[in-house]
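The values are calculated or read from the model by the stated rules, or taken from the named source; none is laboratory data. Just so you know, these numbers come straight off a predicted model, no measurement behind them. Here the Cβ positions follow ideal geometry from the backbone for every residue, glycine too, while neighbour counts run over all protein chains shown. For accessibility, only protein heavy atoms count, side chains too; no ligands or nucleic acids. Shrake-Rupley method; radii C 1.70, N 1.55, O 1.52, S 1.80 Å.
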Amino acid sequence: MIREVLRMGDARLLAVAEPVERFATPELAALLGDLRDTMAQLNGAGLAAPQIGVGLRVVIFGVRSNPRYPQVEEIPDTVLINPVLEPIGAELEEDWEGCLSVPGMRGAVPRHRHLRYSGCDEQGLRFERTVQGFHARVVQHECDHLDGILYPMRIRDLTKFGFIEALFPGQDLPPED
Ligand code: NI
């Protein structure tokens, strides 16, 4: 079911989400279905449960390669529950982000370039990946939602924050999360 995505200003986006304790349940399957339907409808790169008002540590993300955005790397469709993020090294990289909870805007956000992350899939099976660049950025953005952090809160230079039409007139931009 397509759900309403909460927008910045809603206090529910600022709460710290709770870990999932039971896997492979109908409730978890229904939540993941709603996240997938909502993300697909909005053409997003990722979506976190708190964005649809569910305070659980569940995110989904995935990006198909698209000739319209050759600079965007493919990310496999992923369900990540109770994630743990471990930055590798100290290198930060600044790049543009958008968010379905902050529609119409983009901001330049510093993120760890290299990252190891682990967590559970919807069956409760643990997995781990080591990633970099865009994939690492999307994971950091999504997992921030579980701690009540929206990307504008991480922008260091607020001159690099604004409306898409004003920042990138006439350009076709990659999906937001
Ligand atoms: Ni977001």
| request: Sort through Arg106, Arg111, Arg137 and tell me the only one that's among the basic types (Lys, Arg), assigned to a helix (DSSP H, G or I) and either open to solvent by less than 60 Å² (accessible area, probe 1.4 Å) or within 16 Å of the ligand (Cβ to nearest atom) (or both). | output: Arg137
| query | Out of all the residues in the stretch 41-59, is one or more in contact with a Phe, Trp or Tyr (Cβ under 6 Å, 6 or more places away or on another chain), open to solvent by less than 20 Å² (accessible area, probe 1.4 Å) and in a strand (DSSP E or B)? | reply | yes
| field | One residue from Leu173, Leu158, Leu150 being closer than 17 Å to Arg57 by Cβ, out of contact with any His (no Cβ under 6 Å at 6 or more places or on another chain) and of a type in the set (A, V, I, L, M, F, W, C) | value | Leu150
| request: Working only within the stretch 140-164, note down all residues that are part of a loop (DSSP other than H, G, I, E, B), out of contact with any Ser or Thr (no Cβ under 8 Å at 6 or more places or on another chain) and within 16 Å of the ligand (Cβ to nearest atom). | output: Asp147, Gly148, Ile149, Ile155
| task | Could you check Pro19 against (1) modelled with pLDDT of 95 or more; (2) surrounded by 13 or more Cβ atoms within 10 Å (Cβ to Cβ) and say which number it fails? | result | (2)
| query | If we keep just the residues of the stretch 121-134 that are open to solvent by 40 Å² or more (accessible area, probe 1.4 Å) and among the hydrophobic types (A, V, I, L, M, F, W, C), which is nearest to the ligand (Cβ to nearest atom)? | reply | Phe134
| Name the pairs whose Cβ atoms lie under 9 Å apart, with the first residue in the stretch 157-177 and farther than 24 Å from Glu73 by Cα, the second open to solvent by 50 Å² or more (accessible area, probe 1.4 Å) and more than 16 Å from the ligand (Cβ to nearest atom), and 6 or more positions between them or separate chains? | Asp157/Glu94
| task | Inspect all residues belonging to the stretch 84-91 and state whether any of them is in a helix (DSSP H, G or I), modelled with pLDDT of 95 or more and under 30 Å from Lys160 (Cβ atoms). | result | no
| Exactly one of (1) assigned to a strand (DSSP E or B); (2) polar (S, T, N, Q); (3) open to solvent by 70 Å² or more (accessible area, probe 1.4 Å) is unmet by Ser65. Its number? | (1)
| task | Please enumerate the residues belonging to the stretch 37-74 that are within 16 Å of the ligand (Cβ to nearest atom) and basic (Lys, Arg). | result | Arg57
| said: I'm told Val72 meets every condition in (1) hydrophobic (A, V, I, L, M, F, W, C); (2) surrounded by 15 or more Cβ atoms within 10 Å (Cβ to Cβ); (3) at pLDDT 95 or above except one. Can you identify the failing condition by its number? | reply: (3)
| query | Residues of the stretch 125-177 being among the basic types (Lys, Arg) and under 21 Å from Gln71 (Cβ atoms), which ones? | reply | Arg137, Lys160
